[in-house]
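For reference, the structure is listed below as C-alpha cells.
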Amino acid sequence: MSDTGAARVKSTAVLVVGGGPAGLAAAAELGLHGVGCVVIEPRVTVSRRRPRAKTTSVRTMEYLRRWGAADALRAAAPLPVTWSQRVTFCESLSGRRITDFEGAFGLTTERDDRFAEAGQQVPQPVVEEVLRGHVSRLPGVDLRLGHTVMALAQHDDGATVTVRDDAGTGYEIGAHYILGCDGATGVVREQIGARYVGRSDPRPNFNVVFHAPSLDTHLGPAVQYWVVGAVTSGLIGRLDLSGTWWAMIPGVEAAYGAAHASELITGLVGTPVDHQLLATDPWTARMLIADTFRDRHVFLVGESAHMNPPWGGHGFNTCVGDAVNIAWKIAAVEHGWAPPELLASYEPERRGVIEQTVASAESNMRTLAGDLPRDEPAIQHAKRAEFHSLGLVLGYSYAGSPVVQPTSRQAATIDVTCYTPTAEPGARLPHGWLPDGSSLYDRLGTGFTLVGPTRDRDPGVAELMARAHRRQIPLSLAESPPSYPWRTEFLLVRPDQHIAWRSGDPADIDIDLVTGHTGRPAQRSWPIS
C-alpha cells in the first residue's frame with residue numbers, strides 16, 4: 001500500500017530510507033516474507049530523462065521471478081529480448097561494422113540450463129516503476145512518496161527517524177531496523193559516521209538523451225553501439241523503439257558537452273540527424289566502498305555502501321543483491337526463528353562480492369571506446385569480460401561466511417567470463433529445469449529448503465525436520481531434477497537461493513550454525529561428499 005494522507009503508523013519493523021532499486025528490492029523481499037516496512041522516498045515520480053542503468057542481470061531477473069514481478073518487467077521493457085541480444089562495435093551508426101558480441105549481458109531467447117531467467121535490457125526508471133507497483137500491492141508495505149528523511153537517532157531497541165512530508169510537515173517514526181538505501185548523497189551513511197574509501201576516475205563523462213524518430217542504422221538491431229576510432233567516440237543506443245536514444249561520451253567536460261551536444265550526437269551517428277535534446281548528465285566514475293556497512297540497527301544497502309563504474313552493467317544489480325541478503329535475514333529475526341546474530345553475516349558476505357564487482361567494472365573501464373583500435377581481435381580480447389560476465393553475475397560465493405558450512409576447501413577464483421555451476425557451500429544453488437518445464441527455483445520455499453534425491457522422509461530428513469521444527473525454522477523439501485549432477489546429495493538452500501550446507505546425510509546438517517544461533521559447538525571443517 002502507499003501513503004495517501006491517512007493516519008500514519010508511528011512505528012514499523014523496518015524503515016527503508018530511499019525508494020530506488022535497492023530500497024524497492026528490500027521492500028519486495030520483506031513483503032515476500034510478510035514483514036512490515038515503510039519506504040521513504042523523496043521523488044514522487046520517476047524521471048525517464050535520466051535512464052541511468054539499462055541492464056537488469058540474469059541474477060536480478062531471478063529475484064524478480066521469485067517476487068512474481070519478472071513478467072511485469074519484461075512486459076514494460078521498451079526493448080524486448082527478442083529485438084536484440086547484441087552489442088555492436090562500429091565506426092559510426094552510418095559507418096562500417098567492426099565486430100559484434102552476441103548474447104551479451106545474459107540476453108537470450110532460448111531456455112538456458114544455467115539460469116531461470118534471461119537478462120533484460122530496460123531503463124532503470126522502468127524497473128523502478130514496475131517495482132513501485134509491485135510493492136504497493138504488498139500487505140504491510142507502506143510506500144511514502146514525496147517524503148524525506150532528515151535525521152535518525154538510535155537507541156537500545158531500534159531507531160527513531162525524523163521525516164518531512166511533501167507538505168513540509170515533520171514527523172517521527174520508530175523502527176527496529178533502518179536500511180539506508182538512499183545512495184551516495186543520502187543522509188544515512190553520514191548519520192552513522194561511515195565513509196567511502198576508494199578513488200574517482202579523473203576523466204569526465206557526458207550523457208545525453210535525445211528524441212530522433214528518423215534515426216536508424218544499417219547495422220541492424222543492437223542494445224549498444226560502440227563507436228570507436230572516430231572524432232567522437234562513445235556509446236549510443238535506443239531507449240525504446242519510438243525514437244528515444246541515449247548516448248554516453250567519455251572524456252567530455254560538462255560545459256563542453258552542454259554547448260556541443262548536437263555535434264557529439266552527429267559524431268556518433270556519422271551524419272547530421274534531426275533530433276530534440278531531452279536531457280544531459282555529466283558524471284564521474286567512482287570506485288568507492290564504505291568502511292563499514294552497519295552501525296547497530298542501521299545497515300547501508302546499495303549505493304550508500306558502494307559505488308562502481310557502469311561498465312559491465314553491474315551497478316544496480318549489485319544493489320539488489322545487497323537488499324535481498326539483508327532483508328531475508330531481518331525477516332528471519334523478526335519472525336523469531338533466527339537470532340540477531342544472523343545479521344552480523346551481512347557485511348562479511350556482501351563486502352567480498354562488492355569488491356569483486358568494483359574491481360571488474362574498473363578493469364572494464366581501462367579500455368573505453370576512445371582507447372580501442374578499429375580492430376576486431378583487439379576489441380574481442382579487450383571487451384569480452386564486459387559483455388560476457390556470468391562468472392561474476394552467477395558465480396560469486398558466500399563461502400567463509402559465519403553462517404555457511406565451514407570447509408577446508410579454498411574458494412575458487414572467479415573467472416568473470418565463465419560460469420561453472422557448483423554445489424559448494426556458499427554458492428548460488430545450481431539451476432535446473434524440471435520435467436514439467438518449471439524451474440527448480442520455483443520449488444524453493446520462502447524459508448530454507450532441503451533439495452535432495454527424494455521427497456521421502458528417510459531418517460536423516462526426518463531428524464533434520466524435527467530440529468528445524470523445534471527452532472521454528474521454516475524448512476521445506478524439494479526433489480532434485482532427474483538429471484541434476486548433485487542428485488545424490490542433500491543441499492540446504494537459504495531463502496536467497498545460496499547453499500548453506502551440503503551433505504550426503506541431512507542428519508549432519510547444523511541448522512543452528514546456518515541460522516546464526518549461538519551456543520553451538522566450536523566450528524570445524526565438515527566433510528563434503
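The values are calculated or read from the model by the stated rules, or taken from the named source; none is laboratory data. Please read these numbers as outputs of a predicted model, since none were measured by experiment. Methodologically, a virtual Cβ is constructed for each residue, glycine included, from the backbone with ideal geometry; neighbour enumeration extends over all protein chains shown. Keep in mind that these areas ignore ligands, DNA and RNA; they rest on the heavy atoms of the full protein, side chains included. Shrake-Rupley method; radii C 1.70, N 1.55, O 1.52, S 1.80 Å.
What is the gain in length, in nm to one decimal, between Glu263 and Glu172 on full extension, counting 0.36 nm per residue of separation less the C-alpha to C-alpha distance?
Details: separation 91, 0.36 × 91 = 32.76 nm, distance 5.04 nm.
That works out to 27.7 nm of additional length.
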Item to complete: Determine ³J(HN,Hα), in whole Hz, for all residues of the range 317-329 in sequence, where each value follows from phi through the Karplus function 6.51 cos²θ - 1.76 cosθ + 1.60 and θ = phi - 60°; x replaces Gly and Pro.
Response: 5, 5, 4, 5, x, 4, 4, 5, 4, 6, 5, 5, 6
Worksheet item: Which of Val141, Tyr419, Ala359 sits farthest toward the positive end of the charge dipole of the chain, with +1 on the Cβ of Lys and Arg and -1 on the Cβ of Asp and Glu?
Response: Val141
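Go ahead and run the numbers for FRET between Arg97 and Arg384, Cβ-Cβ distance against an R0 of 25 Å, rounding to 0.05. Walk me through the numbers on the way to the answer.
Working: r = 17 Å, r/R0 = 0.70.
E between Arg97 and Arg384, to the nearest 0.05, is 0.90.
Could you please state how large a percent of the accessible area of the range 458-520 is carbon and sulfur, counting protein chains only and using a 1.4 Å probe? Let's see the in-between values first.
Working: 1180 of 2380 Å².
After summing per-atom areas, the C and S share lands at 49 percent.
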Worksheet item: Is any residue of the range 113-151 close enough, with backbone N under 19 Å, to a label point placed 7 angstrom from the Cα of Ala184 along the Cα-Cβ axis, and if so, which?
Response: 124-125
Worksheet item: Measuring from a point 7 Å past the Cα of Arg8 along Cα-to-C-beta, which residues in the range 287-302 have an amide N at less than 11 Å?
Response: none
Worksheet, complete the sentence: Ordering Val333, Val87 by the accessible surface of their heavy atoms, 1.4 Å probe, largest first, yields Val333, Val87
Worksheet item: At a probe size of 1.4 Å, how large is the accessible area of Arg409, to the nearest 10 Å²?
Response: 120 Å²
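Rounded to the nearest 20 Debye, what is the dipole magnitude of the chain about its Cα centre when Lys and Arg each give +1 and Asp and Glu each give -1 at the C-beta?
On the way: 49 positive and 57 negative charges, 25 e Å.
Taking the Cα centre of the chain as origin, the dipole is about 120 debye.
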Response to the item:
So, relative contact order of the range 191-266 in percent, Cα under 8 Å, 6 or more apart, is 35 percent
Worksheet item: From the residues Ile173, Ala25, Ile509, which one has its Cα farthest along the dipole of the chain in the positive direction, the dipole being from +1 and -1 charges on Cβ of Lys/Arg and Asp/Glu about the Cα centre?
Response: Ile173
Fill in: Farthest toward positive dipole pole in the chain [+1 Lys/Arg, -1 Asp/Glu at C-beta], among Ala327, Val451, Gly432
Ala327
Worksheet item: What length, rounded to one decimal in nm, is gained on full extension from Met150 through to Ala76, with 0.36 nm per residue of separation minus their alpha-carbon distance?
Response: 23.3 nm
Fill in: Å² per residue, accessible surface of the range 438-491 at 1.4 Å
48 Å²
Discussion item. If you filter the range 229-332 for chymotrypsin sites (Phe, Trp or Tyr not before Pro), then keep DSSP loop positions with at most 11 other Cβ within 10 Å, what is left?
Written reply: none
Item to complete: Quick one: compute the contact order of the range 205-245, relative version, from alpha carbon pairs under 8 angstrom and 6+ residues apart, as a percent.
Response: 45 percent
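Per residue, how much accessible surface does the range 210-295 expose to a 1.4 Å probe? Answer in Å², no decimals.
Details: 3420 Å² over 86 residues.
Using a 1.4 Å probe on heavy atoms only, each residue of the range 210-295 averages 40 Å².
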Discussion item. Quick one: 3J(HN,Hα) in Hz for the range 285-293, Karplus 6.51/-1.76/1.60 with θ = phi - 60°, rounded, Gly and Pro as x.
Written reply: 6, 10, 10, 10, 9, 5, 6, 8, 9
Item to complete: Scan (i) 73, 58, 40; (ii) 78, 68, 52; (iii) 91, 59, 46 for the value of Cα extents along the principal axes in Å calculated from this model and give just the label.
Response: (i)
Worksheet, complete the sentence: Taking placed amide H atoms and a strict 5 Å upper bound, the residues 5 or more places from Gly229 or on another chain that come that close are Leu372
Response to the item:
Counting only protein heavy atoms and leaving out ligands, DNA and RNA, the solvent-accessible surface of Asp142 at a 1.4 Å probe, in Å² to the nearest 10, equals 20 Å²
Fill in: ³J(HN,Hα), Karplus 6.51/-1.76/1.60, whole Hz, each residue of the range 487-498, x for Gly, Pro
4, 7, 10, 9, 10, 8, 10, 6, x, 8, 6, 9
Item to complete: At 1.4 Å probe size, with no ligands or nucleic acids counted, give the accessible surface of Thr284 in Å², nearest ten.
Response: 50 Å²
Worksheet item: So how do His134, His147, His218 rank on accessible area, 1.4 Å probe, biggest first, that is with the largest at the start?
Response: His218, His134, His147
Discussion item. Pairs of alpha-carbon atoms within less than 8 angstrom and 6+ residues apart define the contacts here; what relative contact order does the chain have, in percent?
Written reply: 16 percent
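What ranking of Thr488, Thr422, Thr244 comes out by heavy-atom accessible area, probe 1.4 Å, highest first?
Details: Thr488 115, Thr422 50, Thr244 25 Å².
Order by accessible area, largest first: Thr488, Thr422, Thr244.
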Discussion item. Accessible area of the range 73-201 with a 1.4 Å probe: how many percent of it is carbon plus sulfur?
Written reply: 46 percent
Practice prompt. Divide by every residue of the chain the summed helix terms, -39500 (n - 2.57) for each DSSP H run of at least 4, and state the resulting mean residue ellipticity at 222 nm, rounded to the nearest 500 deg cm²/dmol.
Written response: -7500 deg cm²/dmol
Worksheet item: Taking only protein heavy atoms and a 1.4 Å probe, what accessible area per residue, in Å², does the range 82-138 have with all protein chains in place?
Response: 36 Å²
